[in-house]
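Starting off with a structure, shown below.
Read-outs throughout are calculated quantities, based only on the coordinates presented, and are distinct from any laboratory measurement. Here the structure is a predicted model, which means the values were calculated and not measured. Cβ atoms come from the backbone with ideal geometry, glycine included; neighbour counts cover every protein chain shown.
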Amino acid sequence: MNTQAALIDLNCDMGESYGRFQIGNDEAIFPYISSSNIACGFHGGDPLHIENTIRLALKHRVRIGAHPSYPDLSGFGRRKMHLPAAELEAVVKYQVAALKGMVESHGATLAYVKPHGALYNTAADEEETCRLIISAIQALDPRLALMGLAGSTMEQVARQQGIEFIAEAFADRTYTPQGRLLPRSQPHAVIYEPEQAVKQVLDIALRQHVLSAGGLMVPVHAQSICIHGDNPAAVPILQALHAAFETHHIQLINQRDAARG
């Protein structure tokens with residue numbers, strides 16, 4: 001086992017509650033993460049919840065990213081939508097611009113963009129979707145990074161276009177032998193057991209691979225590990241990860257430097 005000190009980012013999808021609908025447990029999660037992907041209102045989040053989530057991120061010195069989706073509030077952004085290219089680009093730009101403006105109103109800086117749900121999965125494989133997302137981001141701020149699935153088409157296109165890419169892997173999702181996320185419609189797609197999540201993250205952080213649902217070892221080179229905020233086991237998983245990180249000499253990115261630009 002490689003025991004050399006490693007540096008990792010823990011990110012979580014946050015601010016997804018809206019109206020009277022409570023999603024996740026943001027206040028309990030924030031102390032354990034270093035990056036927050038804040039919903040932009042199209043799959044979850046409303047102006048007040050988004051504002052409060054930004055405040056929590058700044059309080060805990062957590063890096064802030066925008067988490068745009070297809071316009072699919074009733075489906076929580078997890079249904080693929082076939083939008084004309086110009087509309088999809090505008091949808092992404094609108095959401096990122098809104099969150100960017102709100103973050104800047106607090107004297108802070110938006111650091112990156114991470115697509116949500118079906119948009120994320122589509123961009124992992126479809127080059128045109130990647131290019132539209134990147135075009136929307138760069139029109140707003142060329143300094144914004146893009147976070148996406150490690151080893152995906154999104155990573156290839158981002159690097160070709162010279163945009164900073166944050167390669168991401170998952171603590172609470174299982175993988176296909178092709179290195180993609182197992183669809184949520186299939187059994188065991190979501191990990192709820194802290195022990196299983198810890199093993200998967202240690203494999204990624206220390207050995208650069210993950211055991212797929214088919215039993216194959218898949219190479220994964222990731223800078224950031226995601227836990228989903230709507231996973232009811234998110235807090236126990238994060239607590240177990242922190243304990244494992246201490247044992248294995250893995251450090252989180254410096255939260256103090258991440259929150260403000």
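Return Arg61, Arg184 ranked ascending by Cβ neighbour count within 10 Å, so the fewest neighbours appear first.
Values: Arg61 15, Arg184 11.
Neighbour counts put them in this order, fewest first: Arg184, Arg61.
In whole Hz, what ³J(HN,Hα) sequence does the range 127-144 give by Karplus (6.51, -1.76, 1.60; θ = phi - 60°), x for Gly and Pro?
The phi angles translate into 4, 4, 4, 4, 5, 5, 5, 5, 4, 5, 5, 5, 5, 8, 6, x, 7, 5 Hz.
Bin all alpha-carbon pair distances of the range 1-69 at 10 Å intervals from 0 and give each bin's fraction as a whole percent.
22, 50, 17, 8, 3
Stokes-Einstein diffusion coefficient for the chain at 10 °C in a medium of 1.306 mPa s, Rh from the Kirkwood formula over Cα pairs: what value in µm²/s? Working shown, then result.
Values: Rh = 18.2 Å.
Answer, rounded: 87 µm²/s.
Can you sort Met217, Met81, Met102, Met14 by how many other beta carbons sit within 10 Å, fewest first? Can you show the working numbers first?
Values: Met217 12, Met81 16, Met102 20, Met14 30.
Result, fewest neighbours first: Met217, Met81, Met102, Met14.
Another question, if that's okay. Take the Cα atoms of the range 137-255, build their convex hull, and give its volume per residue in Å³.
Details: hull volume 15.7 nm³, N = 119.
Cα-based convex hull of the range 137-255, divided per residue, equals 132 Å³.
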